[in-house]
Amino acid sequence: MRQERFGEITVRLTGGEDREGGGDGPLVVLMHGFGAPGTDLIGLWRVLDVPRDVRFAFPEAPNEMPGMPGARAWWMLDLARAEAAMAEGPRSYAREVPPGMEAATDQIVVMLAELQRDLGVPDERLVIGGFSQGSMAACNTVFTRDVAPAGLVILSGTAVNLSIWQAGMSRHQNLRVVQSHGEHDPLLSFEAAEDLRDTMRAAGLQTEWIPFRGGHEIPMQVIEALGRFVREIALRT
């Protein structure tokens with residue numbers, strides 16, 4: 001594994017023929033969730049059943065969380081409000097635009113452009129996504145910017161700014177999506193995830209839906225499905 005800066009974001013690269021992101025295989029970019037360290041998802045590359053030439057990039061969110069060593073965020077949340085919402089139960093955030101999300105998205109766009117340029121990755125060999133807030137950042141990047149990957153990964157995420165996302169979905173008729181969500185997720189609403197799924201399908205996106213009997217997590221059945229998803233994209237390119 002090697003670590004580099006792309007734009008303003010630190011990225012850890014692994015996989016590929018040299019296990020450091022080398023070669024010319026497809027690139028899978030996975031962004032961690034709110035409050036996690038930049039290394040949070042790195043273990044996935046060792047357990048995903050994908051061809052050896054598949055490369056992985058694990059970006060580290062740019063915002064440090066005060067008083068929480070190692071914790072990062074793509075954009076900050078009102079923690080008091082989040083705790084109150086948790087006490088009431090998960091709900092939809094589809095009409096909200098989180099402060100800081102657009103600035104983070106701009107940084108992600110620059111990061112992706114530099115990754116694709118430096119690693120020689122065309123759009124048809126690019127998969128982007130993440131877990132929780134990281135998946136929301138990926139969705140906002142794809143649906144509101146000029147970014148056109150072959151695949152989008154939404155692990156335990158939810159919709160924000162959904163009317164704008166919906167408008168942007170029409171530009172991605174060939175986009176393949178894999179989306180998972182726990183039926184008992186205490187943080188992000190299962191029903192809101194279903195609404196996002198239905199919106200993407202109505203827009204013509206090829207969306208594979210993986211519900212599971214669990215919470216805010218990435219269980220083995222999701223890891224297996226993600227491996228299949230990446231393999232299929234790798235093989236068709």
Point to revise | Charge dipole of the chain about the Cα centre (unit charges at C-beta), most positive-ward option of Gln221, Gly168, Leu155 | key: Gln221
Review point. Over the range 4-143, what is the percentage of antiparallel beta bridges among all DSSP beta bridges, to the nearest 5?
Key: 50 percent
Practice item. Obtain the nm distance between the two label points defined at Glu208 and Asn174 by a simple spin-label model: each point lies 7 Å from its Cα along the Cα-to-C-beta direction. Key: 1.9 nm
**Study point:** Tensor-based shape of the range 119-237 (alpha-carbon gyration tensor, a/c under 1.5 rounded, otherwise prolate or oblate)
**Key:** oblate
Point to revise | Paramagnetic reach from Arg236 (point 7 Å along Cα→Cβ, amide N under 16 Å) across the range 159-188 | key: 172-179
Check your understanding: Any idea how far apart Met220 and Arg19 come out in nm if each label point goes 7 Å out from Cα toward Cβ?
Key -> 2.4 nm
Study note, to complete from the structure: Least to most buried among His32, His184, by other C-beta atoms within 10 Å and fewest first, runs His184, His32
Exercise for review: Mind jotting down the distance between the C-alpha centroids of the range 164-236 and the range 33-74, whole Å?
Suggested key: 19 Å
Revision key, fill the gap. To the nearest 0.05, the calculated FRET efficiency linking Arg52 and Arg117 through their beta-carbon distance, R0 being 30 Å, is 0.80
Revision key, fill the gap. For the range 2-236, percent of DSSP beta bridges that are antiparallel (nearest 5) comes out at 30 percent
Check your understanding: Quick one: length gained pulling Gln3 to Ile42 fully straight, 0.36 nm per residue minus the C-alpha distance?
Key -> 12.8 nm
Check your understanding: What 222 nm value per residue comes from the helices of the chain, counting each DSSP H run with n ≥ 4 as -39,500 (n - 2.57) and dividing by all residues, nearest 500 deg cm²/dmol?
Key -> -11000 deg cm²/dmol
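We did not get these values from a lab; they are worked out from the coordinates using the rules stated. From a predicted model like this one, the values you see are computed outputs, not experimental measurements. Note that we place each Cβ from the backbone using ideal geometry, even for glycine, and neighbour counts take in every protein chain shown.
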